[in-house]
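Contents: one structure, followed by commentary.
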Amino acid sequence: MDYLAFKQIVHDRRSVRKFSDRPVTSEQIRELIDCARYAPSDTNSQTWEFIAIVNKEKIKAIEDMTWAELHARAEAAEAKGLNKEARLLVKSFGPYATAFSDAPALIVCLATPYNSKFRERIFDPIALVGEEVWREEGIKSSCLASQNLMLAAHAMGLATCPMTGPVLLAERPMKQYLGIDDTRQVNMVIALGHPSETPGKLPRKEVDAILTIIE
């Protein structure tokens, strides 16, 4: 393995919000999920599933329900006298939360319940932690798989943009629309396609600012 080539993939990946009309094939999506599924997970629980939407009308429907929920939140804020915040929510956060609208594919990343022999035989009998902790464990592993997917997409010449805005605003109607049962959590959505822009590299914190080595 060439470390420098891999590092270049990591450094060059961007969150892209503008895509060409060129479609993403089912074969490409399957290749990306093949990479995603090799992410590490807590006790190999593999708490992830993916829904790939390549129908533009269905992607538009998810955009519409996100906007509807966003406007409802803005109206509630206005009713509390938070007019400035409501305006910013719509004008600033709205386009950011729906930047998947022109992507030819939308990957809905799900976190499934954490189950393992350790939980069944040890953790649950002694009530080690509450159910909310196990739900969080599912999210953690799902995030690792999602990162695999995005790096693989970049290496393939595709672009991605991970977004949680639709989840924060419209997870419930999205789950109903896509037939996702209540045992699954929507972790994030990832816009996927061929890029029509190349965003510049954003600044990152220096290594010394985020690393502590204890000897």
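The values are calculated or read from the model by the stated rules, or taken from the named source; none is laboratory data. What you see is a predicted model, and the numbers here were worked out from it, not measured in a lab. Note: ideal-geometry Cβ built from the backbone for every residue, glycine included; neighbour counts use all protein chains shown. To get the accessible areas, we keep the full protein, side chains included, count just its heavy atoms, and leave off ligands, DNA and RNA. Shrake-Rupley method; radii C 1.70, N 1.55, O 1.52, S 1.80 Å.
Of all alpha-carbon pairs in region 72-134, indicate the percentage at a distance above 18 angstrom.
In whole percent, the share of Cα-Cα pairs in region 72-134 beyond 18 Å is 64.
With respect to the cross-link table entries LYS7/LYS205; LYS18/LYS205; LYS91/LYS175, which display a Cα-Cα separation exceeding 22 Å?
With Cα atoms farther than 22 Å apart: LYS18/LYS205; LYS91/LYS175.
Express in nm, to one decimal, how much length is gained between ARG121 and GLU49 on full extension, taking 0.36 nm for each residue of separation and deducting their alpha carbon distance.
So the chain would gain 23.4 nm between ARG121 and GLU49.
Can you give me the relative contact order of the chain as a percent, contacts being Cα pairs under 8 Å and 6 or more apart?
Worked out over the chain, it gives 36 percent.
Give, to the nearest whole percent, the P(r) tail of region 1-48 beyond 14 angstrom, counting all Cα pairs.
Here the tail beyond 14 Å accounts for 73 percent of pairs.
Translational diffusion coefficient of region 119-173 at 37 °C, 0.692 mPa s, Stokes-Einstein with Kirkwood Rh over Cα pairs, in µm²/s as a whole number.
Roughly 235 µm²/s, to the nearest whole number.
Need one number for region 34-82: average projected area of the convex hull over its C-alpha atoms, nm².
Projected over every direction and averaged, the Cα hull of region 34-82 covers 6.1 nm².
With the crude spin-label approximation of a point 7 Å out along Cα→Cβ, what separation in nm comes out for ASP21 versus LYS140?
Distance between the two pseudo-spin positions: 4.6 nm.
Suppose every Lys and Arg Cβ carries +1 and every Asp and Glu Cβ carries -1, with no other charges. What dipole size does region 55-176 come out with about its Cα centre, to the nearest 20 debye?
100 debye
Which peptide among 205-214, 32-41, 94-103 comes first, and what is the full order, when sorted by highest mean count of other Cβ atoms within 10 Å?
Highest to lowest by the protection proxy: 94-103, 32-41, 205-214.
With no solvent and one point on each alpha carbon, what is the Debye value of log10 I(q)/I(0) for region 132-215 at q = 0.22 Å⁻¹?
Per q value, in the given order, log10 I(q)/I(0) is -1.17.
Cα to Cα, under 17 Å, and not fewer than 8 places away if on the same chain: which aspartates and glutamates meet these conditions relative to LYS140?
Filter leaves ASP42, GLU49, GLU131, GLU132.
Given a 1.4 angstrom probe, what's the average accessible area per residue across region 138-215, in square angstrom?
57 Å²
Rounded to a whole number, what is D in µm²/s for the chain from Stokes-Einstein with the Kirkwood radius over alpha-carbon pairs (20 °C, 1.002 mPa s)?
After rounding, the answer is 112 µm²/s.
What distance in nm lies between label points placed 7 Å from Cα along the C-beta direction at ILE214 and GLU85?
3.8 nm
Keeping the other protein chains in place, figure out the carbon and sulfur percent of the accessible area of the chain, with a 1.4 Å probe.
54 percent
Report the net charge of residues surrounding HIS11, where surrounding means a beta-carbon distance below 13 angstrom and charges are Lys +1, Arg +1, Asp -1, Glu -1.
Residues near HIS11 contribute +4 overall.
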